[in-house]
Amino acid sequence: MAAPLDMEQSALSLELLPTDPLLLILSFLDYRDLISCCYLSRRLNQLSSHDPLWKRHCKKYWLISDEEKSRQNRSWKAIFISTYHDLGRYIRYYATLKKAWDDLEKYLGQRCPRMIGSLKESVQEEDLDAVEAQIGCKLPDDYRCSFRIHNGQKLVVPGLMGSMALSNHYRSEDLLDIDTAAGGFQQRLGLKQCLPLTFCIHTGLSQYMALESVEGRNKYEIFYQCPDQMTRNPSAIDMFITGTSYLEWFTSYVNKVVTGGYPIIRDQIFRYVHDKECVATTGDITVSVSTSFLPELSSVHPPHYFFTYRIRIEMSKDALPEKACQLDSRYWRITNAEGDVEEVQGPGVVGEFPIISPGRVYEYTSCTKFSTTSGYMEGYYTFHCLYYKDKFFNVTIPRFHMVCPTFKVSTARMVSRDAETNHNEHAVDEDEDSTDTDEYEDRRRVFDIPAPSGCCPRHT
C-alpha cells in the first residue's frame with residue numbers, strides 16, 4: 001500500500017516556476033492582471049515588467065506599431081502606461097475607432113485626397129468636458145473617443161459622411177466638429193437633448209444622436225428627423241433610425257466605404273447600396289443596380305418613402321464590334337409591399353438614348369417613391385443594333401428591392417391624437433403649443449439653412 005501524501009508539504013508556489021514558463025503564463029494575462037501581479041511579490045513585479053509582455057497590449061489596445069515605438073524611444077510598458085493615462089477611459093473603443101479612422105484615411109487618401117484635407121486635428125479631454133458643461137449632458141465615451149482621434153471636419157463639400165445627387169437635389173453630409181455640434185444642440189420639443197452629428201449645407205439635413213432617453217428615443221440612438229406632415233404640432237417628429245450607438249454607426253459606415261460598398265464618384269462618397277446578386281446579363285450586356293433611401297424627401301405621415309437608384313449598363317469588352325447598339329425604350333414593373341403593381345413604359349432613359357459598344361459603360365440615376373416602407377422594381381430595356389437597324393432585342397433589368405430604414409413614430413403625435421379622441425380637459429391644443437409655428441421655423445434651421453423643396457422625376 002502506497003504511503004499517504006504528506007499533507008503538511010507546502011503547495012507548489014507559482015513563484016517557484018522557472019522564468020521561461022512563468023513568462024509564458026504571464027503573456028496570457030490581460031493588462032489589468034499583469035499590473036496586479038506587480039504587487040504580489042518582488043519576483044512577479046520584476047517579471048511583469050518584462051517589456052515584451054507589454055508589446056501585445058500596446059498593439060491590441062493602442063495600435064502602436066514597431067515604427068512608432070522606435071520613434072518614441074521608450075519601452076513598451078512605458079508607452080502603454082502613458083497612453084493609458086491619456087486615453088484609458090476609452091480602452092473599450094479606441095482600437096476599433098482608431099482602425100476605422102486609419103482605414104478611412106488610407107482609402108480616401110488614394111481616391112479623395114481633397115476630403116482628407118478637410119479633417120480636423122483631435123481635441124483634448126478639457127475640450128470635451130467643456131462641451132458637456134455647455135450643453136448640460138454627458139457625451140458617450142465612444143463619441144468622445146472618436147473626437148480624440150479626429151475632431152470631425154470643416155464645413156466643406158464633399159462631406160465625409162456621404163453624398164447623394166439627383167437632377168434637382170443634392171446632399172453632402174459633413175461630420176461636424178465638436179464646437180459646431182454643440183452649437184446645434186437641441187432642447188426644443190421633438191428633439192429634446194439631441195446632438196447633431198452631421199450637417200449638409202445644401203439641405204440643412206442632420207443626423208442626430210439622442211443623449212437621453214426622452215420623447216420615445218433610446219439613449220445614444222442616431223436618427224434622421226422627419227416632421228409629421230399630418231399634424232399642426234411642430235414637435236411631432238418621426239425618426240428614421242441610422243444607428244444604435246456612435247461606434248456602430250461610424251464603423252459600419254467606414255466599413256461600407258473601405259470595402260467598396262459605396263462608390264466613389266467625382267471625388268465623393270455616394271451612399272448607394274449595391275446588392276452583388278442584383279446583376280443581370282443578356283448576351284454581351286450586363287445591367288447592375290444600386291439603391292439609396294432619401295430621408296429628407298420622405299415622410300412617415302403621410303406615408304411617402306423616397307428612393308433613388310443608380311443603373312450601370314455595360315457591354316463586354318470582348319464583344320464583337322458589330323454588337324454595338326442603342327437604347328430605344330424602357331419598361332418598368334413596380335410592386336409595393338402590399339402587392340400593388342404599376343407599369344411604366346417610355347422612350348430612352350433620363351431623356352437620353354445611349355449607345356453601347358464593346359467595353360463601354362453607361363450609368364444614370366433616377367428615383368421612385370412608395371406609399372409602403374418597401375417595394376421592388378424590375379423590367380427591361382429595348383435596344384436596336386447599329387449595324388442591323390431592323391434588329392431589336394430586350395435587355396433584362398434585374399429585380400432590385402428598396403427598403404426604408406427602421407423608424408419610430410412621434411410620441412407627440414400619438415399623445416395629441418389620444419388627447420383629441422378623449423376630448424377631456426387635459427387635451428393638447430396644438431394651436432397653443434409652447435413652440436409656435438414662426439419660432440419653430442426659425443429654430444428648425446439649426447444652421448440657418450432652409451429645408452429642401454421640389455420633387456424628382458420617376459422611373460426613368
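The values are calculated or read from the model by the stated rules, or taken from the named source; none is laboratory data. All values derive from a computational prediction rather than experimental measurement. Here the Cβ is made from the backbone with ideal geometry for all residues, glycine too, and neighbour counts use every protein chain on show. For accessibility, only protein heavy atoms count, side chains too; no ligands or nucleic acids. Shrake-Rupley method; radii C 1.70, N 1.55, O 1.52, S 1.80 Å.
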Restricting to the stretch 145-195, name every residue that is closer than 22 Å to residue 87 by Cβ, of a type in the set (Ser, Thr, Tyr) and touching a His at 6+ places or on another chain (Cβ under 9 Å).
none
Residue 412: passes all of (1) within 23 Å of the chain's Cα centre (by Cα); (2) buried (at least 18 other Cβ atoms within 10 Å of the Cβ); (3) farther than 25 Å from residue 333 by Cβ but (1)
Of the conditions (1) free of Cβ contacts under 8 Å to residues at least 40 places away in the same chain; (2) among the β-branched types (Val, Ile, Thr); (3) touching a His at 6+ places or on another chain (Cβ under 9 Å), residue 198 satisfies every one except a single condition; which number is it?
(3)
Restricting attention to the stretch 169-198, and to residues there that are open to solvent by 10 Å² or more (accessible area, probe 1.4 Å) and touching an Asp or Glu at 6+ places or on another chain (Cβ under 6 Å), which single residue is nearest to residue 151 (Cα to Cα)?
193
Residues satisfying the stated conditions in the stretch 122-160, i.e. over 21 Å from the mean Cα position of the chain (by Cα) and within 30 Å of residue 264 (Cα to Cα)
123
Of all strands (runs of 3 or more DSSP E) completely enclosed by the stretch 286-396, which ones contain at least 3 residues that are among the aromatic types (Phe, Trp, Tyr) and either within 30 Å of residue 171 (Cα to Cα) or free of Cβ contacts under 8 Å to residues at least 24 places away in the same chain (or both)?
305-315, 361-370, 374-385
Got a sec? Which helices (runs of 4 or more DSSP H) wholly within the stretch 4-82 have at least 2 residues that are modelled with pLDDT of 90 or more and open to solvent by less than 70 Å² (accessible area, probe 1.4 Å)?
52-62, 66-72
Considering the stretch 113-160 alone, what residues qualify as being open to solvent by 60 Å² or more (accessible area, probe 1.4 Å), closer than 23 Å to residue 221 by Cβ and in contact (Cβ under 8 Å) with a residue 24 or more places away in the chain?
134, 138
